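Written out below as structure tokens is the structure these notes cover.
The values are calculated or read from the model by the stated rules, or taken from the named source; none is laboratory data. Quick caveat: nothing in here was measured; it's all calculated off a predicted structure. Virtual Cβ from ideal backbone geometry, glycine too; neighbours counted across all protein chains shown. All accessible areas refer to the heavy atoms of the entire protein, side chains included, with ligands and DNA or RNA removed. Shrake-Rupley method; radii C 1.70, N 1.55, O 1.52, S 1.80 Å.
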Amino acid sequence: MRERFGMPGMRILQFGFSDRGAHLYLPHEYVPNTVAYTGTHDNNTTLGWWKQGATEVERAHLQTYLQPIEQDGDVVWAMIRAAARSVANLCIFPLQDVLHLAVRRG
């Protein structure tokens, strides 16, 4: 139905590193009619997820897919760059990620 009416799909980059079936959320799998997000209001911030929520497996997948992360803050820009370089027609970066906030306030 979404494709029939031309509505864009939604991809959340944080989800792409969780398990084998999550590859749909990685930028190389995006299609042009997509809105890409590093995370949403329902997720922890990218930095908060990296520091507090990501499992060792998720961290290893991210390090392999994007680049080695030397400092915690580097993960935010690595994910923003990955989404921005994708074929998605629109990328939305939550302000809390741009500001490098470490935990979701809520």
task: State, as an integer percentage, the relative contact order of the chain based on alpha-carbon contacts under 8 Å between residues 6 or more apart.
output: 34 percent
message: Given N residues in the range 15-70, what is its alpha carbon radius of gyration divided by 2.2 N^0.38 Å?
response: 1.14
message: Accessible area of the chain with a 1.4 Å probe: how many percent of it is carbon plus sulfur?
response: 54 percent
Förster radius 25 Å - calculated FRET efficiency between D72 and D19, Cβ distance, rounded to 0.05: 0.60
- request: Could you work out how far helix 56-65 tilts from the main Cα principal axis of the chain, as a 0 to 90 degree angle to the nearest 10?
  value: 60 degrees
query: Given the convex hull over the Cα atoms of the chain, what projected area results after averaging over all orientations, in nm²?
result: 6.8 nm²
- request: Tell me which residues come under 5 Å, amide H to amide H, from T34 once H is placed; ignore anything under 5 positions away on its chain.
  value: G9, N89, L90
task: Kindly provide the pair-distance distribution of the range 50-106 built from C-alpha pairs, with 5 Å bins from 0 and whole-percent values in order of increasing distance.
output: 4, 17, 26, 25, 20, 7, 1
- request: Taking only protein heavy atoms into account and a 1.4 Å probe, give the accessible area per residue of the chain in Å².
  value: 61 Å²
